[in-house]
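Accompanying notes for the structure given below.
The values are calculated or read from the model by the stated rules, or taken from the named source; none is laboratory data. Values in this document were obtained by computation on a predicted structure and should not be read as measured data. Don't worry about glycine lacking a Cβ; one is built from the backbone with ideal geometry, like all the others, and counts go over all protein chains shown.
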Amino acid sequence: MQRLKKFFFHFFIPHEENNFKARSLHPDFLGFYLILALVLTFSFKQMGLNNVLGFATDITTSKLYELTNGERHKNNLSTLTYNDKLAKAAEEKANDMFIYNYWAHYSPSGKTPWDFMITSGYAYEFAGENLAKNFLFSQGVVDAWMKSQSHRENILKKEYKEVGFAVVNGVINGEETTLVVQMFGTPSTSLATLSPPVIAAQEPAPTIGEEQAVLAKQSANKKISLPTLSFNVNIVFLSFLLAALALDFYFANKFNIIRVGGKNLAHFVFIFFMFLGLLIFSRGAIL
Amino acid sequence: MTEIKKHLFDYLLLVTAGIFFLVALNIFKGERFLEFIFLTSFAIFYIIWGVYHHVIEDSLHLKIVIEYILIAFTLVFLMKIIIFPN
């Protein structure tokens with residue numbers, strides 16, 4: 001305990017033995033942090049490329065579905081049923097944006113979101129679409145949609161009965177991009193009764209009553225999340241630096257220490273803005 | 001607090017740059033390349049600010065410049081993990 005106390009004192013409190021500057025802020029330690037950051041950058045990149053961890057975002061269709069219905073429940077609206085045809089249409093839409101390099105509701109060739117629904121075999125009475133790109137977390141996507149009036153109206157439209165999501169990674173304009181497509185629909189009553197059961201080519205098709213089980217299965221298969229890990233690493237590291245600077249600044253002022261070195265207050269301001277920037281980086285764009 | 005009073009203009013300049021950085025990020029949310037440009041620009045501005053501040057204060061030393069560079073680039077690399085994960 002005594003050793004730990006001594007280590008903490010040496011590491012964070014400026015005094016004679018550490019040349020009147022917290023050891024954690026000495027240039028050799030700052031150099032070590034830079035090397036650590038470089039190692040982390042390349043390790044995470046390698047893990048992403050080798051698919052050791054999940055891809056660039058922590059967004060899952062199951063979480064989006066849960067959050068969307070959560071927002072509807074808060075507003076006393078009915079639960080949306082997960083529809084595979086809508087999910088397929090959403091995936092086709094995302095793939096189309098990657099293939100034709102655009103980020104819009106309507107494709108450059110004039111294809112509408114409704115075309116994808118029709119192609120996937122979904123006959124609708126009402127339909128809607130929300131788009132998002134480059135978010136890190138599902139919560140961020142739904143929060144951003146709820147803050148935008150038009151997207152909010154889509155989520156809370158009482159006419160909608162079903163929903164489908166797609167989260168697809170690809171490249172748009174040379175940039176690694178994660179697209180989220182949310183498609184809403186109300187099946188056309190007459191056609192819905194005539195439509196055959198859904199049979200997907202690659203995996204067993206869920207019936208409407210089984211959607212929770214299918215979504216749960218998707219969640220269970222999820223790998224350790226790379227974005228959550230990297231985001232937390234950033235938060236921990238920035239908090240550590242801010243705490244070290246604050247302690248050093250406080251005790252240097254308290255003991256009236258005058259020394260050669262950078263300004264702690266300036267470092268603090270810079271890291272604080274980076275901290276806020278990190279929160280913005282985790283949010284993407286909606287359309 | 002005396003540090004702020006003594007160099008009010010310098011700190012206002014740094015805070016203004018920080019606010020511009022956040023506003024730019026907020027406007028171009030989701031545009032990963034632009035976000036990285038803003039991040040690098042703010043980090044470089046911070047290093048220049050450090051040099052300028054210590055020149056004005058007549059306390060510039062190589063050790064100080066290295067300190068600003070190390071902090072700035074450590075954060076740039078850490079943020080890069082979020083902006084360009086793959």
_So for segment A:23-39 (the condition being charged (D, E, K, R), part of a loop (DSSP other than H, G, I, E, B) and more than 25 Å from the chain's Cα centre (by Cα)), does at least one residue qualify?_
no
_Among the residues of segment B:44-54, what is the count of those that are at the interface with chain A (Cβ under 8 Å from one of its Cβ atoms) and either surrounded by fewer than 19 Cβ atoms within 10 Å (Cβ to Cβ) or among the hydrophobic types (A, V, I, L, M, F, W, C) (or both)?_
1
*Kindly indicate whether B:Phe33 is modelled with pLDDT under 95 and out of contact with any Phe, Trp or Tyr (no Cβ under 7 Å at 6 or more places or on another chain).*
yes
_Matching residues in segment A:100-158 - criterion: being in a helix (DSSP H, G or I), under 24 Å from the mean Cα position of the chain (by Cα), charged (D, E, K, R) and surrounded by 14 or more Cβ atoms within 10 Å (Cβ to Cβ)_ = A:Asp143, A:Arg152
*With respect to the numbered conditions (1) among the hydrophobic types (A, V, I, L, M, F, W, C); (2) at pLDDT 90 or above; (3) farther than 15 Å from A:Val168 by Cβ, which one is the sole condition not fulfilled by A:Ala123?*
(2)
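How about segment B:58-75: which of its residues are more than 8 Å from every other protein chain (Cβ to nearest Cβ) and surrounded by 14 or more Cβ atoms within 10 Å (Cβ to Cβ)? Steps first, please.
Initial filter on segment B:58-75 (more than 8 Å from every other protein chain (Cβ to nearest Cβ)): B:58, B:60, B:62, B:65, B:69.
Matches in segment B:58-75: B:Leu60, B:Val65, B:Ile69.
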*Of all residues making up segment A:41-93, the number that are modelled with pLDDT of 80 or more and part of a helix (DSSP H, G or I)*: 28
*In segment A:128-163, which residues are touching a Lys or Arg at 6+ places or on another chain (Cβ under 7 Å), on the phi < 0 side of the Ramachandran plot and not hydrophobic (A, V, I, L, M, F, W, C)?*
A:Gly128, A:Ser138, A:Gly140
*Within segment B:64-73, identify whether any single residue is of a type in the set (Asp, Glu) and more than 23 Å from A:Leu38 (Cα to Cα), and answer yes or no.*
no
_Return the pair list, or none, for Cβ contacts closer than 6 Å from residues in segment A:63-86 that are at negative phi to residues that are among the polar types (S, T, N, Q) and part of a loop (DSSP other than H, G, I, E, B), at least 6 apart or on different chains._
A:Asn69/A:Thr79; A:Lys85/A:Ser120
*Of all residues in segment A:238-287, count the ones that are in contact with a helix residue (DSSP H, G or I) (Cβ under 6 Å, 6 or more places away or on another chain) and aromatic (Phe, Trp, Tyr).*
6
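Yes/no per residue for (1) at pLDDT 95 or above; (2) aromatic (Phe, Trp, Tyr); (3) farther than 30 Å from A:Lys45 by Cβ; (4) out of contact with any Ser or Thr (no Cβ under 6 Å at 6 or more places or on another chain):
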site: B:Phe21; (1), (2), (3), (4): yes, yes, no, yes
site: B:Ile27; (1), (2), (3), (4): no, no, no, yes
site: B:Glu57; (1), (2), (3), (4): no, no, yes, yes
site: B:Pro85; (1), (2), (3), (4): no, no, no, yes
*Output the residues belonging to segment A:1-52 that are loosely packed, with under 15 Cβ neighbours inside 10 Å and closer than 30 Å to A:Gly170 by Cβ.*
A:Val39, A:Phe42, A:Ser43, A:Gln46, A:Leu49, A:Asn50, A:Asn51, A:Val52
*Would you pick out the residues in segment A:255-287 that are of a type in the set (Phe, Trp, Tyr) and at the interface with chain B (Cβ under 7 Å from one of its Cβ atoms)?*
A:Phe270, A:Phe273, A:Phe281
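Looking at the structure I just gave you, is B:Ile82 out of contact with any strand residue (DSSP E or B) (no Cβ under 7 Å at 6 or more places or on another chain) and surrounded by 21 or more Cβ atoms within 10 Å (Cβ to Cβ)? Show your work before the answer.
Details: out of contact with any strand residue (DSSP E or B) (no Cβ under 7 Å at 6 or more places or on another chain): yes; surrounded by 21 or more Cβ atoms within 10 Å (Cβ to Cβ): yes.
Taking the combined requirement at face value, the residue satisfies it.
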*Looking only at helices (runs of 4 or more DSSP H) that fall completely inside segment A:175-280, which ones have 2 or more residues that are modelled with pLDDT of 90 or more and under 18 Å from the mean Cα position of the chain (by Cα)?*
A:226-254
*Out of (1) surrounded by 16 or more Cβ atoms within 10 Å (Cβ to Cβ); (2) small (Gly, Ala, Ser); (3) in contact with a helix residue (DSSP H, G or I) (Cβ under 9 Å, 6 or more places away or on another chain), the odd one out for A:Gly70 is which?*
(1)
*If you go through segment B:1-38 one residue at a time, how many are more than 7 Å from every other protein chain (Cβ to nearest Cβ), in contact (Cβ under 8 Å) with a residue 24 or more places away in the chain and buried (at least 16 other Cβ atoms within 10 Å of the Cβ)?*
4
